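The values are calculated or read from the model by the stated rules, or taken from the named source; none is laboratory data. Remember, predicted model here, so these are calculated numbers, not experimental data. Note that we place each Cβ from the backbone using ideal geometry, even for glycine, and neighbour counts take in every protein chain shown.
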Amino acid sequence: MYKSSDIYSISSSQLNDEMLKEKRRKEKIGAVIGIISQFIWAINSIQLKTYKTFFPDYFSNNSLVFWRSLPIWVLGYFFCWKKGVRIKPLSAIHHKFWFVARSFGNYVSIFLWIKILSYFRVSTSQVIAGCYPVLVIYLSILILHEKFYFRYIISVIVCIFGSALIVLNEKNPNASKIKLNDNKLAGLFFAGCHLLVNSFSNLGQKIQVKDKMTPDEQNYYLGMYNTLPALFFCIIEQHFGFESILYILYAISNGFFVFYSGNYLQTVAMEYMAVSKFMTLTYMCTVFVFILGFVLLGEYIYITDILGAGLIISFQLYNIYYPPGRQINEENAIEKDKIASINRQDENIDNIKDEKLIENYEKRL
């Protein structure tokens with residue numbers, strides 16, 4: 001930000017160019033971090049897909065959530081303590097509805113996601129569940145009053161069309177090494193519920209960022225409010241998966257290396273860019289998922305998968321490098337005028353002070 005005293009030595013175009021460069025630099029940083037987070041979430045989907053296959057005798061939804069959430073809770077507290085961050089008490093949290101939507105919404109989201117994965121290829125599951133950015137973009141504009149650009153509509157259309165190309169070959173559902181349920185209508189029902197829950201959870205994440213909650217604080221509460229209900233139901237079900245150390249370590253590794261880092265990087269990315277723009281990046285998870293599904297699970301890749309992935313990736317590059325439009329230039333010009341106005345007021349005050357000093361000096365003479 002320029003000082004008011006420098007305003008006359010800087011042209012309007014120079015001021016706009018510098019501010020736009022800084023904005024674009026931050027957005028690019030956010031985009032890189034966001035894409036890395038989506039690769040991590042793709043790994044998360046692969047892991048959740050394989051639990052029942054690798055550990056059919058030890059698996060339960062609540063034991064999985066318990067063992068994967070416990071390290072998130074512990075790590076969140078450790079990093080807050082290490083960095084000297086004072087964890088906000090519940091009474092100090094401003095938007096309690098969105099806090100609940102984020103914390104408990106994530107707990108529900110995990111169960112729905114595991115359910116969806118039992119009906120579709122992992123890549124198709126990601127495509128269907130990945131439609132939630134459509135809701136998040138419009139909710140962020142409506143609730144957070146973020147700016148709306150026409151290219152957001154284009155991005156949603158392009159990404160959904162690219163995703164639809166990937167879904168077209170779901171006619172061969174059992175082509176992978178993992179057998180799937182046949183009732184696709186039931187799978188779509190769970191996917192619709194997941195879309196709604198995940199939309200509110202992601203918007204809650206952004207609102208917590210606006211409330212100045214650090215990524216470690218968010219992970220602390222996220223871990224807490226996933227661990228406690230899972231522990232409660234594990235006690236009722238009398239099942240913790242203690243019989244298999246490998247199962248427990250697999251779940252802990254998912255929380256320790258995947259879930260925590262994915263959430264952390266996604267929160268950081270949202271600090272650099274608007275949630276409405278960040279949401280289009282989440283479609284990159286779809287691309288990563290179907291590649292990993294092919295490499296690790298033996299799922300088929302069709303020409304339509306490649307075309308759909310190409311559309312999604314191409315538009316992400318366009319969206320990241322899209323130059324800010326005329327609206328931003330106008331806003332910067334307005335900001336420049338405000339700075340100039342403040343500067344003129346300061347000058348008037350200084351002139352009045354100088355005149356009074358001169359008058360006082362003349363009176364003494």
Pairs with Cβ under 7 Å, 6+ apart, first in the stretch 12-37 and at pLDDT below 75, second of a type in the set (A, V, I, L, M, F, W, C): SER12/ALA333; ASN16/ALA333; LEU20/ILE328
Residues of the stretch 257-309 that turn out to be over 20 Å from ILE157 (Cα atoms) and acidic (Asp, Glu), as a count: 2
Filter result (surrounded by fewer than 21 Cβ atoms within 10 Å (Cβ to Cβ) and touching a Phe, Trp or Tyr at 6+ places or on another chain (Cβ under 9 Å)) within the stretch 184-194: LYS184, ALA186, LEU188
Complete set of residues in the stretch 262-292 that are surrounded by fewer than 20 Cβ atoms within 10 Å (Cβ to Cβ) and among the small types (Gly, Ala, Ser): ALA274
Tally, over the stretch 89-136, of residues that are under 22 Å from THR282 (Cα atoms), over 16 Å from the mean Cα position of the chain (by Cα) and of a type in the set (Lys, Arg): 2
Members of the stretch 184-227 that are within 21 Å of GLY76 (Cβ to Cβ) and β-branched (Val, Ile, Thr): ILE207, VAL209, THR214, THR227
Residues that are closer than 23 Å to CYS159 by Cα and among the basic types (Lys, Arg), drawn from the stretch 88-132: ARG121
Subset of the stretch 59-74 [out of contact with any Leu (no Cβ under 7 Å at 6 or more places or on another chain) and surrounded by 20 or more Cβ atoms within 10 Å (Cβ to Cβ)]: ASN62, SER63, LEU64, VAL65, TRP67, ARG68, SER69, LEU70, PRO71, TRP73
